[in-house]
Amino acid sequence: MYSLSLHFFYPWIYLKKRIFTFCTIETGQFFSSGHTNNWAVLVCTSRFWFNYRHVANTLSVYRSVKRLGIPDSHIVLMLADDMACNYRNPKPATVFSHKNMELNVYGDDVEVDYRGYEVTVENFLRVLTGRLPPSTPRSKRLLSDDRSNILIYLTGHGGNGFLKFQDSEEISNMELADAFEQMWQKRRYNELLFIIDTCQGASMYERFYSPNLMALASSQVGEDSLSHQPDLAIGVHLMDKYTFYLLEFLEEVHPASQANMNDLFKVCPQSQCVSTPGHRTDLFQRNPGSVLITDFFGSVRKVEITKDTINLTSSVKPPIQSIAEHHVLQFVADVSSQNPKQKDWHPPDGFILGLWTLILLVFFQTYGIKHLKHIF
Amino acid sequence: MQWQSTDVEVNRSDGTKNSETFTPAPAKDQFQEELVIRPLHSGDIYASFQFRTLWDTDFLQEGQKKVSHYRLFPKSLGQVLSKFSVQELHISFTQGFWRTMQWGQPFIPSPPGAELWVWFHHTVSDVDGNWKELTNVLSGIFCASLNFIDMTNTVQPSASFKPLGLGNATDHRFLRYATLPREIVCTENLTPWKKLLPCGSKAGLAVLMKSEKLFHSSFHSQAVHIRPICQASFFSKSWELRQTLNVVFDHYTSGQGKKEWSLFKMFSRTLTEACPLASSSKVYVDITDNPEGELFELSPATPLLSQAVVLGDRRTYSVYDLTRAETFGQLRSFNLLLRWKGDSGDMLRPLLHAERYVAGFGLQTGEIHTVIYNNHPYRAFPVLLMDSVPWYLQLYIHTLTVTSKSRDNKPSYIHYQPAKDRHRPHLLEMLIQLPPHSMTEVTVQFERALLKWTEYTPDPNHGFYVGSSVISALVPSMVAMSTNFTQDQPLFSSFVPVKEESSYFVRVYTEPLLVNLPTPDFSMPYNVICLTCTVVAVGYGSFYNLLTRTFQVDEPSPPLAKRLANFIRRIRGVPLLA
């Protein structure tokens, strides 16, 4: 719709400057996202058969993301254990998300990049920051640039400020925030959407401080995320509540859909989820209402239709920059050079407070409390 | 804009026509596919797919332009071959264990898990570096954790893995062998494997490969074998890529207990066309046990029969040629049906098979027993046994005993490379002469090592795997094997080159072992920190108090109410309370 209006106005731009302002609004909305490619990093961090639901969670997001257009080469899928071909699975090569085996999210065309013991905190952080050994194959790398929108989905067992990897190690929210800051400084993303489905998930995005980050979590600090429904034939819980309703929401989305982030924030209210999903948008530049779901979950390219012939062979003359294009470039330059918002002042850390308390305590223990009145 | 065809005009005639011209043909490739179905005596059914691409080109020629135009040969593998100067590459992914006693010998054997062995070209200077990079690249191509292959599980067998293709490389420094017994095979390994085929999974025999059926089986093995071969009609060497998939469907779980098999029951698909890029596309059904049709009924009937000598036995096969339209009949779909009428007798015992197990008790020591059976009534033959044991099972080679018929049997050739902690595994290769109709037992004692706490896997109580032993032998054949290689031989009988008529090559893999290592309690660091900090705090705190605490007499300050009252009285100028 937007491209048609642009095409219609092209000859008018040169002739009538009155239409200038109207045209600027159109292009501003048309190029509002500023990304050219999409990546997804989907991680399941739990091992063992009874954590079947975490693998099913990750695979349902994988399935939606693939369906909306992101190819396998742009998805880094990390599954910490194999559920589909596990000997306990009564239906091998399948992972179901709905009971009575309605929907097989594993499918026939799946490529898992990191599996089993390879899913570690170190590998996850290396994938994010791009610091991988030189012999790592392309399918295991996150080759994003400064125009990439990245979707990061984590699921597993977590707590207040940490996420457990494979029952043997943890990643803390500070490490994650620092990794995102490294990504920002290396310009490895344009915008990043972080979704986490664990217990006390909101604690994981508390520490973010880089710009252009939006985060969603399935539960607040102090709350547990609950699983949805077991399947009696398979014998385990199939999905977590938040991702189950997220999958149902995403099944309605198609590549041309205009659903935006405000709809995503409403997924799974407390009446359905029992826990309270949370979100964080203060680090994000744009208004969440103007961010399309397909900006992160799909790979929708903006197409500009033109009926003019473009001469590709002569390279000396630069192409005539229309005023609309010029304003687009200006807008894009403004977005990328904007400095991150000032951090809010926080009271000093617990450690500093404790240290000062210890020093004061020792001082007054030694010299007696009666000296206190000399101080105050 | 006019799109011009950039394809080079390739002569698609088959090899026999080209041999008449004797001029060096342009780089041409050819693709053949076949499926062999062999009903087994236990009621199970064994299906073996083979896809072969032959390409007359040379990846390793120096000074020539790199190969850049790929047609049937997959580009990802071609680039791997030329970049790492690979002479031969064999990789297999297997789920399940081949039960030799119940199923006989497979066409192409493979051990459980992942196995990779590579012969590098003799011009390679840093074989270890190439090996490390090759495993990483292959892990990306096949979506497997092959990057876990490193120096701690790689060996250089001296005699067991001779090149299967052309190659006078007898220097085993250019050979690397590694196996990952823990590797899981699932759809994510099958998907890229199918994408390597010229027709993908869209046409030809590959449409039958549906993962839900293939992985619901007793045995599933997919492999890629690349080697240079010398074709009889050409004078230059050509590269052969074979992709094989062996699957055994269980009588009870897939067959629902009924002795009736069809393509639809096995694969939930039927065949509708051959791959258009294939020069030959055939289905073979083994009817050796059913000469007059008294055992099972095969439909649709076919007049084509083929005899082949494979694995030392002359077998008869019904052949269905999928390149002919009449195979598909009126319905344009080909569904093979085998219905059993009578009970099959006992299977002939395989001439060579082996078992392996761990004996002993406790978590300190143990003993590995490998038992090899020679079931030939009167012939003795030598076998080459190769054992690769990880360094954390420290073998005591002085306790190695080989006994046949309760007498000592001294191997004529032993190659032993001891392990180096965290560097190299044990490698033991022995050439043992097996007496006829006997059982040979090889035992060696070992001690379990204590690993560093970071070296344990996240689930150490599962145990640690030891890869299968490999037993390679030339087994005497009851039927004369044909040594001349012709183009028309079916693929399943032409995999292993036959050097002499009286014996055939067999490789038997034993079970992998699952050994428990002494596992520490991983919560101990936390416990130690808590205990130490408590002790230090209590001890130091008391000591500090003793040193610095002084007691002084102090008037107690009056309570708040009195203080407030005194304050007000002071203001009023009235005398204060006590």
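The values are calculated or read from the model by the stated rules, or taken from the named source; none is laboratory data. Keep in mind it's a predicted model, so treat the numbers as computed, not measured. As a convention, Cβ positions derive from the backbone with ideal geometry for all residues, glycine included, and neighbour counts pool all protein chains shown. Keep in mind that these areas ignore ligands, DNA and RNA; they rest on the heavy atoms of the full protein, side chains included. Shrake-Rupley method; radii C 1.70, N 1.55, O 1.52, S 1.80 Å.
Could you tell me which residue of the stretch B:280-307 is surrounded by the most Cβ atoms within 10 Å (Cβ to Cβ), considering only residues that are within 31 Å of the chain's Cα centre (by Cα), assigned to a strand (DSSP E or B) and aliphatic (A, V, I, L, M)?
Among residues in the stretch B:280-307 that are within 31 Å of the chain's Cα centre (by Cα), assigned to a strand (DSSP E or B) and aliphatic (A, V, I, L, M), the one surrounded by the most Cβ atoms within 10 Å (Cβ to Cβ) is B:Val283.
May I ask you to list the residues in the stretch A:97-106 that are assigned to a loop (DSSP other than H, G, I, E, B) and more than 27 Å from A:Lys164 (Cα to Cα)?
Taking the stretch A:97-106 and keeping what is assigned to a loop (DSSP other than H, G, I, E, B), we get A:97-98, A:102-103, A:105-106.
Once the filter is applied, which keeps residues that are assigned to a loop (DSSP other than H, G, I, E, B) and more than 27 Å from A:Lys164 (Cα to Cα), the stretch A:97-106 yields A:Glu102, A:Leu103.
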TODO: Within the stretch A:265-279, track down each residue that is touching a strand residue (DSSP E or B) at 6+ places or on another chain (Cβ under 7 Å), open to solvent by less than 70 Å² (accessible area, probe 1.4 Å) and not in a loop (DSSP other than H, G, I, E, B).
DONE: A:Phe265, A:Gly278
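Return the residues of the stretch B:64-82 that are without any contact (Cβ under 8 Å) to a residue 12 or more places away in the chain and among the charged types (D, E, K, R); say none if nothing qualifies.
Going residue by residue through the stretch B:64-82, those that are without any contact (Cβ under 8 Å) to a residue 12 or more places away in the chain are B:64-65, B:68, B:70, B:75, B:79.
If the condition is that a residue be without any contact (Cβ under 8 Å) to a residue 12 or more places away in the chain and among the charged types (D, E, K, R), then B:Lys65, B:Lys75 are the ones that fit.
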Task: Selection within the stretch A:90-123 - of a type in the set (S, T, N, Q), crowded, with 21+ Cβ neighbours inside 10 Å and at the interface with another protein chain (Cβ under 9 Å from one of its Cβ atoms) - done: A:Thr94
Open item on the list: Among (1) surrounded by fewer than 23 Cβ atoms within 10 Å (Cβ to Cβ); (2) among the aliphatic types (A, V, I, L, M); (3) away from every other protein chain (no Cβ under 14 Å), there is one condition A:Leu143 misses while meeting the rest; what is its number?
Closed with: (3)
TODO: Could you grab me the full set of residues in the stretch B:543-578 that are within 14 Å of chain A (Cβ to nearest Cβ) and loosely packed, with under 10 Cβ neighbours inside 10 Å?
DONE: B:Leu546, B:Leu547, B:Arg549, B:Thr550, B:Phe551, B:Gln552, B:Val553, B:Asp554, B:Glu555, B:Pro556, B:Ser557
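Does B:Tyr504 satisfy being in contact with a Pro (Cβ under 7 Å, 6 or more places away or on another chain), surrounded by 10 or more Cβ atoms within 10 Å (Cβ to Cβ) and under 30 Å from B:Leu385 (Cα atoms)? Give the steps one after another, and end with the answer.
On the way: in contact with a Pro (Cβ under 7 Å, 6 or more places away or on another chain): no; surrounded by 10 or more Cβ atoms within 10 Å (Cβ to Cβ): yes; under 30 Å from B:Leu385 (Cα atoms): yes.
So B:Tyr504 fails the test.
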TODO: Take B:Asn527 and decide whether it is touching a Leu at 6+ places or on another chain (Cβ under 6 Å), open to solvent by less than 80 Å² (accessible area, probe 1.4 Å), assigned to a helix (DSSP H, G or I) and of a type outside the set (Gly, Ala, Ser).
DONE: no
Open item on the list: Return the residues of the stretch A:57-72 that are closer than 15 Å to A:Ser257 by Cα and touching a residue at least 24 places away in the same chain (Cβ under 8 Å); say none if nothing qualifies.
Closed with: A:Ser64, A:Val65, A:Leu68, A:Gly69
Open item on the list: Please go through the stretch B:522-542 and give me each residue that is away from chain A (no Cβ under 13 Å), under 60 Å from the mean Cα position of the chain (by Cα) and not β-branched (Val, Ile, Thr), ordered by number.
Closed with: B:Met524, B:Asn527, B:Cys530, B:Leu531, B:Cys533, B:Gly539
- [ ] Quickly run through the stretch B:50-102 and pick out the residues that are among the basic types (Lys, Arg), open to solvent by less than 50 Å² (accessible area, probe 1.4 Å) and at pLDDT below 90.
- [x] none
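Does the stretch B:237-246 contain any residue that is among the acidic types (Asp, Glu) and open to solvent by 10 Å² or more (accessible area, probe 1.4 Å)?
The initial filter retains those residues of the stretch B:237-246 that are among the acidic types (Asp, Glu), namely B:240.
Those still in the list that are open to solvent by 10 Å² or more (accessible area, probe 1.4 Å) too: none.
No, the conditions are met nowhere in the stretch B:237-246.
Scan A:Gly159, A:Gly222 and give me the residue that is of a type in the set (Gly, Ala, Ser), open to solvent by less than 10 Å² (accessible area, probe 1.4 Å) and more than 24 Å from A:Pro288 (Cβ to Cβ). Before you say what the answer is, go through the steps one by one.
Details: A:Gly222 fails: open to solvent by less than 10 Å² (accessible area, probe 1.4 Å).
Result of the check over A:Gly159, A:Gly222: A:Gly159.
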Open item on the list: Restricting to the stretch B:500-521, count the residues that are of a type in the set (A, V, I, L, M, F, W, C) and more than 24 Å from the chain's Cα centre (by Cα).
Closed with: 1
Open item on the list: I need the full set of residues from the stretch B:200-228 which are within 9 Å of another protein chain (Cβ to nearest Cβ), touching a strand residue (DSSP E or B) at 6+ places or on another chain (Cβ under 7 Å) and open to solvent by 10 Å² or more (accessible area, probe 1.4 Å), in order please.
Closed with: B:Ser217
Task: Among (1) closer than 30 Å to B:Asp321 by Cα; (2) in contact (Cβ under 8 Å) with a residue 60 or more places away in the chain; (3) open to solvent by 50 Å² or more (accessible area, probe 1.4 Å), the one test that B:Met481 misses - done: (3)
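Filter the stretch A:162-186 down to residues that are open to solvent by less than 30 Å² (accessible area, probe 1.4 Å) and of a type in the set (S, T, N, Q), then give me how many there are. Break it down into steps so the answer makes sense when it comes.
Initially, the stretch A:162-186 is screened for residues open to solvent by less than 30 Å² (accessible area, probe 1.4 Å), giving A:163, A:165-166, A:171, A:173, A:176-177, A:179-180, A:183-184.
Cutting the leftovers down to of a type in the set (S, T, N, Q) gives us A:166, A:173.
Going through the stretch A:162-186 one residue at a time, the tally reaches 2.
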- [ ] Output the residues belonging to the stretch A:124-136 that are surrounded by fewer than 21 Cβ atoms within 10 Å (Cβ to Cβ) and more than 12 Å from every other protein chain (Cβ to nearest Cβ).
- [x] A:Leu125, A:Arg126, A:Thr129, A:Gly130, A:Arg131
Task: Number of the exception - A:Gly158 against (1) under 20 Å from A:Phe50 (Cα atoms); (2) within 14 Å of chain B (Cβ to nearest Cβ); (3) outside any loop (DSSP other than H, G, I, E, B) - done: (2)
TODO: Please go through the stretch A:112-155 and pick out each residue that is in a loop (DSSP other than H, G, I, E, B) and closer than 24 Å to A:Glu191 by Cα.
DONE: A:Asp113, A:Gly130, A:Arg131, A:Leu132, A:Arg141, A:Leu142, A:Leu143, A:Ser144, A:Asp145, A:Asp146, A:Arg147
Open item on the list: Give me the helices (runs of 4 or more DSSP H) completely within the stretch B:85-199, filtered to those with at least 2 residues that are over 17 Å from the mean Cα position of the chain (by Cα) and within 13 Å of another protein chain (Cβ to nearest Cβ), ordered by residue number.
Closed with: B:127-142
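Among the listed residues B:Arg349, B:Arg356, identify the single one that is basic (Lys, Arg), open to solvent by less than 20 Å² (accessible area, probe 1.4 Å) and closer than 25 Å to B:Phe97 by Cβ.
B:Arg356
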Task: Candidates B:Leu166, B:Leu180, B:Leu146, filtered to the one that is within 21 Å of B:Pro228 (Cα to Cα) and outside the structural domain of B:Pro418 (by the TED database) - done: B:Leu166
Task: Residue satisfying condition, being among the aromatic types (Phe, Trp, Tyr), within 30 Å of the chain's Cα centre (by Cα) and over 20 Å from B:Thr440 (Cβ atoms), within set B:Tyr357, B:Tyr416, B:Tyr373, B:Tyr392 - done: B:Tyr392
Task: When residues of the stretch A:67-89 are limited to those that are outside any loop (DSSP other than H, G, I, E, B) and more than 13 Å from every other protein chain (Cβ to nearest Cβ), the one least open to solvent (accessible area, probe 1.4 Å) - done: A:His74
